[in-house]
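The values are calculated or read from the model by the stated rules, or taken from the named source; none is laboratory data. Predicted model only: the values in this text are computed from it and were never measured. Cβ placement follows ideal geometry from the backbone for every residue including glycine, while neighbour counts extend to all protein chains displayed.
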Amino acid sequence: MNLNELSILSLYSAMAVYALAFIAFSFDLARRSAAVGSAEAADETQRQAATARTDAAGASGGTTTLTRISARIANDAAMPYGRSPSLRVGVSLTVLAFLIHLMATVLRGVAAERVPWANMYEFAMTGTLLIVSVFLIVLTRADLRFLGTFVTGMVLVLLGIAALRFYVEVAPLPPALQSAWLVIHVFVATLGTGFFALGFALSTVQLLQFRHESRVASAKSGRLRFLATLPSSAMLENLAYRVTIIGFILWTFTLMAGSIWAEQAWGRYWGWDTKEVWTFIIWTIYAGYIHARATRGWRGSRSAWLSIIGFAAVMFNFGIVNVFFKGLHAYSGL
Amino acid sequence: MSRPSDHYDAPASAGIVQPRLGLVGWLRWFWRQLTNMRTALFLLLLLAIAAVPGSLVPQRSSDPNGVTQYFADNPDLAPILDQIQAFDVYSSAWFSAIYLLLFISLIGCVIPRTKHHYLALRAQPPRTPARLSRLAGFTTRTAPSGTDAQAAVESARRLLKTSGYRAAVFENRGEISVSAERGYLRETGNLVFHFALVGILITVGFGGGFGFSGQRVLVEGQTFVNTLLAYDSFNPGRFFNDTSLKPYTLTLDDFDVTYEEKNLKAYGQPIDFTADVTITPRGEAAEASQVKVNGPARTSGTDVYLLGNGYAPTITVKDPNGVVVFTDSIPFLPQDANLTSLGVVKVPDGLAEQLGMIGFFYPTQATMESGAYSSSYPDLEYPLLTLNVYSGDLGLDAGVPTSVYSLDIDQMEQLTGGKTGVESIELKPGESSELPNGLGTVTFDDAAPGAQNGDFSGSVLRFASFDIHHDPTQLWVLSFAVLALLGLLTSLFVPRRRVWMKAVPQTDGSLRLEYAGLARGEDPALESAVGDVADRHTDLLLSSQSATPASEQK
Ligand code: HEM
């Protein structure tokens, strides 16, 4: 078995472990819903008392919680939710899968004798690895484990598509890619995508949470009960913002590094090639997102939609523009 | 919520509708609308949307052949799209209007903010609020006994000052306090960022007009002199003036391609292109240089890029008496990865009739099942040239420019290949053949006639196509871009915050120290920063007390 075959085997193993992690995380969400359900079924007066208490805590500590960062960011969930074994199993499995995934990626790089990000298959492999890395790193600073289902699910889908549709044999770099900028530009772009992915997940949950909160406020019961155990929409919004601006800075750098590379390879730093156009569009959408947060009437849900649209554009740029659009960036390897 | 209430937004437009605004009033109203944050956001999003069509439809600037093809494929739709400048999106009136409005809005937004910021930089930090307990990170300490309120506040002021805060002492109804603010750099960074964007736009839009780009194809051994006439195609900027062309010469000495031979999965994939060139700037010594795909040669204010390459078979045509009427190395355009190449030979003079030939060149000729030829490998393993001959009017005399890469056969008669029943001419390097109708002979010259039998590696010359650019703005754009990135980093990561410390004497004679902060913008570390100030300050008070002689302390 050569190194590339070993890499493929590792990748499939990593996918299997991600699948197990996904199940564990889903289990946790189900448990959350159940916990909320039984709490709601409890004595009415007790419930009112509890709500009153959390309300009071929210009123006095609202801004405090939002801007607080000790080593970890506190959760301001409406309903505290105790320890969850399945959550811990999910995280452990994700770490395990991450390590196998890392091995698969490194082996691919060693087999090809270069960085493992020079065609679609490799972009997907390294990109998902970075998404998981960003997730795990952020976990050490804030408890975002509730995103586990989303992250492992997305990584599984992307890896599945990569393995089935994008797979190509190890090949040497074509002359156009033989540049130090391949290492820098593509890596930073992929890292930025990792942050955008997390920001997208947080913005999505923020929207769900916002709807849930307004339903609760008008005394209707929400459908996604587990939301009661997650941070408030305001806190999710701040978390999403923090993650997304890091992505934005990386993307800004990607745009500039790409221009410098384009100048060396094609003789002009900007030529509105399709891939350049989409990189620009994504940058502009996220600049819009940042502005939206500073614009009256655009904070909250509207800005969250921009973050979601931005990430949709990132995925479009990767999955559709690379494969189906004509342009100078014809490096899908397909 | 992450923005303080006194954060500077563009002033909200007045709610009162005045009956008659007059021209100045309208202009002012328009200006206020344009520099509104909401308008800026709208324009920004509009710009993103407006950029999309240019990726769906080929653009003249980046893909002129694609546009031609689009017109051929969609003869009804294309002219309509052309009307709305869909093939020139990024220079179209509507796209330009959006970004120009956006940038006017930006300037109108940033200038008042700069003024506001300049004043803030010179102003004192604001008064300490009456009650600190409502603010973020509120925490209290008890001062070491015997600490004087005045001294405690003064030491807090000095501590904050050395930590990069602007600090001032206030006294209000007997309560003494220090108010401090830091992170002005955040707004500075933001302003630098926005100004740098304006800088980029101006240098790109204006400075770009002074440059040019041109293309030139060179066969191995050929020399190019940097003058207007020597370019195959030339695109000057708006303000370009041909006296700025420095007449250096560039010779393509050798063009080398390396193909993958070990990895069977990628067999034949090119892994290196190198053009060895000799550059002689006017009045200077000749210098050997290289042009590679990611490595342009830079000389005399121009950058020379390697864009394409292929084979240029040398073809000689003689009349029936053996007199050479044509000889040239003709660049054949590659049609596939194995360099099946297509080229056109035009012989206007010297023969009984004008002669045109459409040739296919196969560096390693193979025969497909259908009997048609193809190339199975891009290097010269088994080269073959096939030619279809046409005679008649080449259309060169009409004065209309024609492409050297295509043959207009409307006024010509096909003599070989196709339905003529006459076999196409097939030549290996060094071979000759009779032309039909006794017109003469054609030879495919061997570029390395002395080579061993069966070694064709040097038998056909290669050509390289170069892009030659002059862009005086590049360095400026790069500088502004770096400035923008630095501004962005500071504006997003430097926290701007206020910190207050108040000394409140208690009825029991002790001194209570209160600390609190206020975020100005995104500031996740505010609380720990306030706690940190409180800790350091009490440590400072303790150590200064133990440093004072015991006798004084009593
Ligand atoms: C070419 C158009 C523009 C782009 C690409 C752009 C981009 C950005 C970016 C990336 C940021 C966040 C980084 C930072 O704080 O420095 C930002 C912030 C900001 N921009 Fe712009 N901007 C543009 C135009 C404008 C205009 C026209 C206005 C005024 C109406 C404006 C007002 C602001 C303000 C107030 C902030 C601070 C927001 C905050 O603190 O979160 N920008 N802009």
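Going through B:Val304, B:Val293 one at a time, which residue ends up being within 9 Å of chain A (Cβ to nearest Cβ) and touching a Leu at 6+ places or on another chain (Cβ under 6 Å)? Before the answer, list the steps.
Details: B:Val304 fails: touching a Leu at 6+ places or on another chain (Cβ under 6 Å).
Step by step, each of B:Val304, B:Val293 is checked, and only B:Val293 is within 9 Å of chain A (Cβ to nearest Cβ) and touching a Leu at 6+ places or on another chain (Cβ under 6 Å).
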*(1) within 13 Å of chain A (Cβ to nearest Cβ); (2) polar (S, T, N, Q); (3) within 16 Å of the ligand (Cβ to nearest atom): which one isn't true of B:Thr114, the others all being true?*
(1)
*asked:* As an exercise: evaluate B:Ile84 against (1) over 20 Å from B:Leu45 (Cα atoms); (2) within 16 Å of the ligand (Cβ to nearest atom); (3) within 28 Å of the chain's Cα centre (by Cα) and give the number of the one condition it does not meet.
replied: (2)
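Does the stretch B:485-501 contain any residue that is surrounded by 15 or more Cβ atoms within 10 Å (Cβ to Cβ), part of a helix (DSSP H, G or I), more than 16 Å from the ligand (Cβ to nearest atom) and not hydrophobic (A, V, I, L, M, F, W, C)? Give the steps one after another, and end with the answer.
Keep residues of the stretch B:485-501 that are surrounded by 15 or more Cβ atoms within 10 Å (Cβ to Cβ), which gives B:485, B:487-492, B:494-501.
Next cut, part of a helix (DSSP H, G or I) only: B:485, B:487-492.
Next, only the ones that are more than 16 Å from the ligand (Cβ to nearest atom) stay: none.
No, every residue in the stretch B:485-501 fails to be surrounded by 15 or more Cβ atoms within 10 Å (Cβ to Cβ), part of a helix (DSSP H, G or I), more than 16 Å from the ligand (Cβ to nearest atom) and not hydrophobic (A, V, I, L, M, F, W, C).
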*Check A:Trp261 against each of (1) more than 14 Å from the ligand (Cβ to nearest atom); (2) in contact with a Ser or Thr (Cβ under 9 Å, 6 or more places away or on another chain); (3) closer than 12 Å to A:Phe200 by Cα and name the one condition it does not meet.*
(3)
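If I filter the stretch B:502-528 down to residues being within 13 Å of chain A (Cβ to nearest Cβ) and away from the ligand (no atom under 16 Å from the Cβ), which single residue comes out as modelled with the lowest pLDDT? Working first, answer last.
Quick first cut of the stretch B:502-528, residues within 13 Å of chain A (Cβ to nearest Cβ) only: B:516-528.
Pick out the ones that are also away from the ligand (no atom under 16 Å from the Cβ) and you get B:516-517, B:525, B:527-528.
Details: B:Ala516: 92, B:Gly517: 92, B:Ala525: 81, B:Glu527: 86, B:Ser528: 86.
Here the residue is B:Ala525.
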*Taking the stretch B:57-82 as the region of interest, how many residues are part of a helix (DSSP H, G or I) and at the interface with chain A (Cβ under 8 Å from one of its Cβ atoms)?*
1
*Under 6 Å by Cβ, and 6 or more places apart or on different chains, what pairs join a residue from the stretch B:115-132 that is closer than 26 Å to B:Tyr515 by Cβ with one that is in a helix (DSSP H, G or I)?*
B:Leu121/B:Tyr184
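So which strands (runs of 3 or more DSSP E) stay within the stretch B:254-347 end to end and still have 3 or more residues that are within 27 Å of B:Glu381 (Cβ to Cβ)? Step through it out loud before you land on a result.
On the way: elements: B:270-280, B:287-292, B:297-299, B:302-312, B:314-318, B:324-329, B:341-347.
The qualifying strands (runs of 3 or more DSSP E) are B:270-280, B:287-292, B:302-312, B:314-318, B:324-329, B:341-347.
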*So, in the stretch B:11-53, of the ones that are at the interface with chain A (Cβ under 10 Å from one of its Cβ atoms) and modelled with pLDDT under 85, which residue ends up farthest from the ligand (Cβ to nearest atom)?*
B:Ala12
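Can you tell me which of A:Leu136, A:Leu87, A:Leu147, A:Leu129 is touching a helix residue (DSSP H, G or I) at 6+ places or on another chain (Cβ under 7 Å), within 30 Å of B:Ala525 (Cβ to Cβ), modelled with pLDDT under 90 and part of a helix (DSSP H, G or I)?
On the way: A:Leu136 fails: modelled with pLDDT under 90; A:Leu147 fails: modelled with pLDDT under 90; A:Leu129 fails: modelled with pLDDT under 90.
Just one listed residue meets the conditions, A:Leu87.
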*Mind counting the residues in the stretch B:194-230 that are buried (at least 19 other Cβ atoms within 10 Å of the Cβ), in a loop (DSSP other than H, G, I, E, B) and away from chain A (no Cβ under 14 Å)?*
2
*Which of the residues belonging to the stretch A:275-325 are away from the ligand (no atom under 16 Å from the Cβ) and under 14 Å from A:Thr193 (Cα atoms)?*
A:Trp278, A:Ile308, A:Ile309, A:Phe311, A:Ala312, A:Val314, A:Met315, A:Phe316, A:Asn317, A:Phe318, A:Gly319
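Looking at the structure I just gave you, is B:Val442 under 30 Å from B:Asp303 (Cβ atoms) and either assigned to a strand (DSSP E or B) or not charged (D, E, K, R) (or both)?
Details: under 30 Å from B:Asp303 (Cβ atoms): no; either assigned to a strand (DSSP E or B) or not charged (D, E, K, R) (or both): yes.
Criteria not met by B:Val442.
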*Test B:Ser133 against the criterion of being outside any strand (DSSP E or B) and within 16 Å of B:Ala503 (Cβ to Cβ), and give yes or no.*
yes
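Looking at the structure I just gave you, is A:Trp278 closer than 15 Å to A:Gln206 by Cα and either touching a helix residue (DSSP H, G or I) at 6+ places or on another chain (Cβ under 6 Å) or at pLDDT below 85 (or both)?
On the way: closer than 15 Å to A:Gln206 by Cα: no; either touching a helix residue (DSSP H, G or I) at 6+ places or on another chain (Cβ under 6 Å) or at pLDDT below 85 (or both): yes.
Taking the combined requirement at face value, the residue does not satisfy it.
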*Scope the stretch A:208-250; condition of a type in the set (S, T, N, Q), over 12 Å from A:Gly300 (Cβ atoms) and in a loop (DSSP other than H, G, I, E, B); matching residues*: A:Ser218, A:Ser221
*What about B:Gly108, is it within 51 Å of the chain's Cα centre (by Cα) and outside any strand (DSSP E or B)?*
yes
*Among the residues of the stretch B:167-193, which ones are over 20 Å from B:Ala529 (Cβ atoms), near the ligand (Cβ under 10 Å from one of its atoms) and either outside any helix (DSSP H, G or I) or not polar (S, T, N, Q) (or both)?*
B:Leu191, B:Val192, B:Phe193
